[in-house]
Amino acid sequence: MRTIGRGDFIPFGWDAVEAGRHRHLPQLALPGGIYFVTFRLEDSVPQKLLKRWLYKRHAWLAENPEPWDETKRKEYQSLFNSRMERWLDAGYGECLLRDDRCRKEVVERLLFKHGLDYDLGDWVVMPNHVHVLLQPLGGVSLEEIMKPVKGISARNINLLLGRSGSLWMQESFSHIVRSLEQLKKFQCYIQMNPEKARLPATDFSYEQRWQIS
């Protein structure tokens, strides 16, 4: 288990972030920073709700570009993140990741480049989505990390289940961890997500990999 202290944690600062884009959405990057990433099965949210959510989120972000103060950050969390989390925890869709074999494929992909392209932190694989903490290494971008994780796991799960077509929602949602206190909150969220969704132990996989000093 890796121990993370203030000496090896890069705090968020607007003078250090790099602006970019991931598909249709603005994307901020913090070299050496830690990210909380969520990726979801394509059918994890009803399409009508998802399209409405994406449209409203895009419009809100256009009217409220970062940097935000704490009030705006809480507003965004309430309007968008919390709502999406409730939909995911409702267990919509086929929930293919209830199958332990499928969860193992996801975990194998997360571990494959650990120590090379990124340091893998705490993670949980839920029936229809995944939460993970990770820290890119050596200038590798978050998009470069997530593309093979999602692409290869999708191919392997489709082969395993004898299905075809897309598996994951195209967008992954990431948050730069801004402080050790926030990192602890994300760790707690990952740990408690199965309990919050009232899942039996057979329906999820979880591992704590980081300890905060």
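A few comments on the model shown:
- Relative contact order computed over segment 2-212 (Cα-Cα under 8 Å; 6+ residues apart), in percent: 34
- Within the listed set 167, 142, 61, the Gaussian network model of the chain (springs between alpha-carbon atoms below 10 Å) gives the highest mean-square fluctuation for 61.
- Computed per residue of the chain from DSSP H runs no shorter than four, each worth -39500 (n - 2.57), the mean residue ellipticity at 222 nm is -12500 deg cm²/dmol.
- Distance between the modelled labels on residue 108 and residue 77, one decimal in nanometres: 3.8 nm (7 Å Cα→Cβ projection).
- Taken over segment 2-212, lysine pairs spaced eight or more positions apart, or on distinct chains, with alpha carbons under 17 Å apart number 9.
Values quoted throughout were computed directly from the atomic coordinates according to the rules given, and no laboratory measurement underlies them. Since we're looking at a predicted model, the values are computed, not measured. Cβ sites come from the backbone with ideal geometry, for glycine too, and all protein chains shown count toward neighbours.
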